[in-house]
Structures are given as C-alpha cells and as structure tokens.
Amino acid sequence: MNRHSESGYVLLTVYVFLSALLALLGVYFSLTEIELATTKHSKDSATGFYTAEAALNVRAKEIRDIFIGYNRPTGTSPSATNPCEGGNNGSGDFICNTLALNNRTAMHYVEEEAGNPLMITIPPGELYQNLNAQEYRYTVRSVAENIEENPEAILELRFKSRLVPLFQFVAFYNKDLEILPGPTMNLSGPIHTNGDLYLNANNALNIAGQITTAGDLYRGRKNDSSCNSKPVTALDPTSPLAILPSCPSRTLVPQGDLTPWNGMVESRVDVVTVPEPEDLNPAPGEIYWDEADLRLMLRLNASNNPITDANSSTGMYVMNGDLSINTAATLAIHGCTGTVSGLPVGASSTFYNNRESATIQMAEVDMQGLLDCLHTTNWLGEGLPLDDTSEGGLVFHFTVDGPNSAGINTYGVRVRNASELQSTDGSAPDVVGMTVVSNQAFYTAGNYNATNKIPAAILCDSINVLSNNWNLNDSLSTSSLSSRVASNTTINAAFLSGTDSTGGIEGAGGQGGGYNGGLENYPRFHESWSGRTLNYRGSFVSLNNPQHVNGAWVYGSPQYTAPGRNWDYDTDFNDASNLPPLSPRFVYLRQELFVRDFEQ
C-alpha cells in the first residue's frame with residue numbers, strides 16, 4: 001500500500017512538473033513572439049523612417065536644382081486636410097509625388113512659407129557671413145507607407161534656400177585659387193574657392209574678409225614647394241592675425257590652426273554649385289542669350305572673313321533669340337553713327353595678340369555710339385527705353401560666329417568708348433545697370449564705367465585690358481614692348497571669365513606645371529604697364545579654364561609688364577540693389593528643423 005502511494009505521488013509530481021514546464025514553454029514562446037513582433041515593428045519603423053527621410057532629401061534637392069537653373073519653384077500645395085488623397089494633390093513644383101524604396105512608398109509634397117523671398121544679411125558665425133542673400137523658406141512633408149498602406153513614419157523638414165551673388169566676393173573660384181602679388185595687395189572682400197587656396201606674397205598680402213575654401217589652405221606656391229616669409233594676413237572683426245608669416249617652404253595650414261579666426265577663415269567647407277561655362281553660349285535655352293536685351297553677332301564665312309549683305313556692310317548682325325537674323329534691326333543699327341569706321345559696330349583684323357601668337361578677328365562695339373543708336377531708333381523699333389529695369393538693367397550679348405567658334409580660335413569682342421555707360425543724348429534716360437556677355441575673348445579699350453559709375457559686369461571667356469594710351473592703334477601690337485606704353489586706366493565692373501590653371505585641368509592642358517599668373521594676373525595685359533596703374537573696383541570670378549584661347553601666361557617681352565594694382569572689391573555690391581543685372585549666383589540649403597510626427 002505504501003509502495004502504491006509512493007508511485008502515485010511520483011506520478012503526480014511528474015505531471016505537476018510537466019505542467020509547469022509546459023507553462024514555462026508557453027510563456028517563452030509568447031515572449032519570443034512578442035520580441036519578434038517588437039523587433040519586426042522596430043525594423044519596419046526604422047525602414048519606414050529612412051524611406052520617408054530619403055523622400056525629404058530628394059524633394060529638397062529638386063527645389064535646390066530649380067534655383068540653380070535661375071528659376072523659382074511655383075505651384076500650389078495640397079490642403080492640410082487629407083493631403084495627397086483624392087484630388088487633393090496640389091500642383092507644379094509643390095505637387096504630391098511618391099518615392100518607392102525598401103518595399104515602401106513615401107508620399108511627399110512641399111509647402112512654401114508666406115512672404116518669400118526675404119532679403120537677408122547672413123548672420124555672423126554662419127558660413128558666408130555678412131553677405132546679402134535672397135532667402136526662400138520651404139517645408140517638405142513625407143509619409144512612408146508599407147505594402148498594407150499603413151503609415152510607418154511621418155517626417156517634416158523645414159529648410160531655407162539661399163541665393164548668394166558671386167559678385168559679393170572679391171574673388172570666387174570654382175577651382176584652385178592662387179594669390180602671389182609682387183607689391184603689397186590689400187583685398188577687402190570675401191574670398192571663396194571650390195578647390196585649394198594658395199597664399200603667398202613678395203611683399204605683403206592683406207585680406208579683410210571671410211576666407212572659405214572647399215579644399216585645403218596652403219601658405220606658399222602651388223607650382224613648386226617654395227614660400228616667401230613675407231606676411232600674409234587675414235583680418236577678423238577685432239584684430240589682424242597672420243597666417244603662418246614665416247614659411248621656408250609650402251606649408252599646409254591645418255583646420256585646427258584656423259580656430260583663432262572665429263569662422264573668418266575656414267577650410268574644407270562644402271563645395272557650392274555654380275553656373276557652367278556653356279551658360280555664356282549664344283544658343284536658345286542658355287540664360288544669358290535668352291534674357292539678353294540685345295544680341296550682336298559678327299558672322300564669318302569659312303575663310304574667317306565677315307559675311308556682308310545689303311543689311312550689314314560690316315558683318316555685324318542683330319540676332320533674335322532663335323538665332324535668326326533680325327533684318328530690320330540690323331539695317332537700323334547700320335544707319336546710326338559711331339567711332340567704328342563711322343558706325344557704332346564693325347569688324348577688324350588688325351590686333352596681334354602676343355600671348356596667343358595670332359591676329360584677332362575682332363567684333364568692334366562703340367558703346368556710347370550703340371546706346372545713342374538704341375535711343376534714337378526707339379531701340380531698333382522695339383520701343384524699349386534705356387532705363388529698362390528688367391533683370392536689373394541692360395543685358396547685352398556680343399559674340400562671333402565662325403568656323404572655329406566652338407573650339408580654340410582667334411576671335412574676340414572689343415568694346416571702346418565705354419568710360420561712361422550712358423548715351424551722349426541729353427534727352428535719353430539713364431541706364432541703371434549693364435551686364436555685357438560674350439562666350440569669346442573680350443577686350444576693354446580704355447576706361448570702362450569710370451565716369452558716373454553704375455552697376456556693371458563683363459562675363460566672357462577671357463578678359464583682356466587695353467589702357468587709355470592704346471588709342472586703338474593696333475599697329476603697335478606687332479611692335480616692341482617698349483613702344484606699347486600704357487597709361488593709367490580705370491575699370492569699375494565685376495569680371496567673370498576663364499583663367500588658366502597651374503598644372504592644367506586634372507594634370508592636362510592649361511599651364512602645365514608652370515604658374516598660371518594667379519589672381520594678380522587675372523586680366524590679360526598687352527602693354528608695358530611699368531610705373532602705370534590700373535585702378536579697378538569690382539569682383540573676380542573664375543568658374544573654369546578659357547574654352548577658346550590657350551596661350552600660356554608669360555611675363556615680360558613681348559607680352560607685357562604688370563601695372564601697379566590699385567585693385568579691390570567694390571563695396572557697393574554689398575547692397576543687393578547695386579549688383580549688376582542678371583548677376584550669377586550660387587545656391588545652398590540651410591536646414592532649420594527636422595521633425596518626426598508620432599501621431600499616426
């Protein structure tokens with residue numbers, strides 16, 4: 001009896017133990033299922049988050065790209081109630097779109113803040129501080145849904161798109177920038193390069209403006225390892241600081257050594273997107289050709305001689321935006337008077353360029369004669385006044401169309417009689433601003449915008465400066481350098497042109513291993529300037545190497561000797577209303593707020 005009782009007790013114990021074990025296994029499996037479900041939910045939530053975030057970034061970039069193309073986003077946003085459902089999709093650049101990623105679909109749309117744009121001064125402490133910018137504010141919203149169309153993440157990105165004019169820099173390069181002046185050079189504006197920056201001086205270089213470089217900052221030369229021990233200074237708001245005043249050889253300035261400048265000198269900043277060289281081309285769809293108020297073209301035949309006809313005795317033609325000839329306007333401009341063989345426009349082949357070792361086939365423009373003609377002909381019959389303010393003033397496009405226009409050539413555009421960018425007719429309205437554009441080499445003859453200065457710019461393939469003493473006596477161009485003596489000359493205009501590169505483009509072309517002349521030789525000279533001064537106020541912008549000339553920089557006879565450089569930034573450009581018409585600009589985004597909404 002006791003033996004049976006013990007057996008029953010053991011069996012009961014086994015049953016109880018098995019029941020407890022089964023219960024534990026049930027709890028384990030339940031916890032495992034919960035854990036798996038939680039893990040899956042977290043994974044799904046993270047995947048949905050990254051999908052929604054990707055949609056935000058894609059949409060913000062789309063808005064930025066619109067600004068880079070010199071346009072402004074337009075359209076309407078969907079209403080806040082049930083956005084992107086039914087017919088509530090908005091329109092234009094703010095419309096609802098979808099992004100498929102990670103087996104999810106992210107719906108996204110854009111809202112524009114009221115009051116766009118704001119004219120701001122970028123606050124101290126920020127990149128590009130103290131510059132003026134147009135600021136546009138936007139919010140992008142994104143909802144990521146899984147395959148069951150259940151929302152997994154709702155995100156919101158608020159950002160600012162800032163448009164900063166390139167001409168608010170004393171020097172802005174889309175590649176390496178080298179500055180190595182002989183006499184002391186003082187630069188009072190900001191400097192930026194999308195490449196490396198090399199600073200050196202034979203006497204002294206003083207920069208009173210923010211310095212930013214997307215690459216590295218070097219004290220010394222690029223083309224060799226040398227470095228002068230003369231002072232190179234950058235000024236912060238309170239006191240002058242020297243950037244490695246002693247440098248026995250080229251020296252990299254580490255980012256950590258820039259801390260004392262409190263953001264006034266920065267390296268390794270983001271590269272900014274700038275216009276392409278093709279923007280200057282005479283072609284439909286290119287911004288400067290499309291927006292030009294007047295398009296003048298010297299047309300050449302296969303032998304590089306001007307094409308003349310009953311409407312144009314010079315080979316110069318007024319062109320329409322679609323590249324057709326404006327016959328009536330061409331005839332009208334040849335009925336006006338000027339200093340180019342009695343006309344405001346013409347052609348020549350008498351200037352020898354010693355740097356290019358070639359005679360230049362030149363389109364000639366008498367600026368004041370042209371403005372007189374535009375006024376007296378009621379702007380060639382179009383009825384436009386000289387004080388037109390669309391795009392901020394007048395935009396002229398001058399070009400040469402010949403068999404070699406697309407490549408290296410011996411073409412050029414020369415503007416004379418431009419000391420004052422106004423008509424000589426007292427009854428003519430005042431020009432408020434002027435931008436002259438050419439995709440070919442450009443030559444200024446004498447003072448430019450020196451009298452009664454207005455906002456002005458020259459955008460071209462390469463910029464050449466002839467002094468007041470040249471007097472268009474091209475026979476001197478083949479004479480000795482000692483017979484080509486310059487005189488003091490004044491230019492007030494922002495420059496955008498191609499410049500050579502030390503070491504060429506990615507190791508090929510350009511100057512090879514030789515020095516490219518640096519910022520101090522940005523304009524190309526053709527005279528003996530020793531003891532003479534070029535007075536210049538403006539902005540130096542270089543986005544590329546020249547597309548149509550390839551003569552290397554060489555100093556001395558027979559090319560030129562350098563002027564005294566009374567050069568500096570035109571502080572009038574600090575006021576956006578004083579910028580030249582259609583000033584090129586770069587765009588950068590600044591994130592203001594990133595939010596995740598957990599209310600599903």
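The values are calculated or read from the model by the stated rules, or taken from the named source; none is laboratory data. This is a predicted model, so every value here is computed, not measured. Note that each Cβ is placed from the backbone with ideal geometry, even for glycine, and that neighbours are counted across all protein chains shown.
Details
- Region 77-121, subset touching a Leu at 6+ places or on another chain (Cβ under 9 Å) and under 22 Å from N146 (Cα atoms), residue modelled with the highest pLDDT: H108
- Subset of region 244-279 (residues that are of a type in the set (A, V, I, L, M, F, W, C) and either touching a Ser or Thr at 6+ places or on another chain (Cβ under 9 Å) or closer than 30 Å to G407 by Cβ (or both)): L244, C247, V253, L258, V265, V269, V271, V272, V274
- Pick from region 517-561, criterion within 28 Å of the chain's Cα centre (by Cα) and of a type in the set (G, A, S), ranking: surrounded by the fewest Cβ atoms within 10 Å (Cβ to Cβ): A552
Yes/no per residue for (1) among the hydroxyl-bearing types (S, T, Y); (2) at pLDDT below 95; (3) buried (at least 21 other Cβ atoms within 10 Å of the Cβ):
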{"site": "G338", "(1), (2), (3)": "no, no, yes"}
{"site": "S349", "(1), (2), (3)": "yes, no, no"}
{"site": "T359", "(1), (2), (3)": "yes, no, no"}
{"site": "L374", "(1), (2), (3)": "no, no, yes"}
{"site": "N378", "(1), (2), (3)": "no, yes, no"}
{"site": "G381", "(1), (2), (3)": "no, yes, no"}
{"site": "T389", "(1), (2), (3)": "yes, yes, no"}
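- Enumeration of residues in region 99-122 that are surrounded by fewer than 14 Cβ atoms within 10 Å (Cβ to Cβ), over 27 Å from the mean Cα position of the chain (by Cα) and of a type in the set (S, T, N, Q): N103
- The set of residues in region 434-475 that are over 21 Å from I360 (Cα atoms) and of a type in the set (A, V, I, L, M) comprises M434, A450, I454, A456, A457.
- Failed item in (1) in contact with a strand residue (DSSP E or B) (Cβ under 6 Å, 6 or more places away or on another chain); (2) closer than 20 Å to F525 by Cβ, with G446 passing the rest: (1)
- Breaking point among (1) touching a residue at least 12 places away in the same chain (Cβ under 8 Å); (2) closer than 30 Å to F398 by Cβ; (3) in a helix (DSSP H, G or I), for P260: (2)
Conditions (1) surrounded by 23 or more Cβ atoms within 10 Å (Cβ to Cβ); (2) in a strand (DSSP E or B); (3) modelled with pLDDT of 95 or more, marked per residue:
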| site | (1), (2), (3) |
| --- | --- |
| N439 | yes, no, yes |
| F442 | yes, yes, yes |
| L472 | no, no, no |
| S482 | no, no, yes |
| Y515 | no, no, no |
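- I179 being surrounded by fewer than 23 Cβ atoms within 10 Å (Cβ to Cβ), in the same structural domain as N97 (by TED's automatic domain parsing) and of a type in the set (V, I, T): no
- Residue list for region 370-382, restricted to those being over 32 Å from the mean Cα position of the chain (by Cα) and of a type outside the set (D, E, K, R): C373, H375, T376, T377, N378, L380, G381
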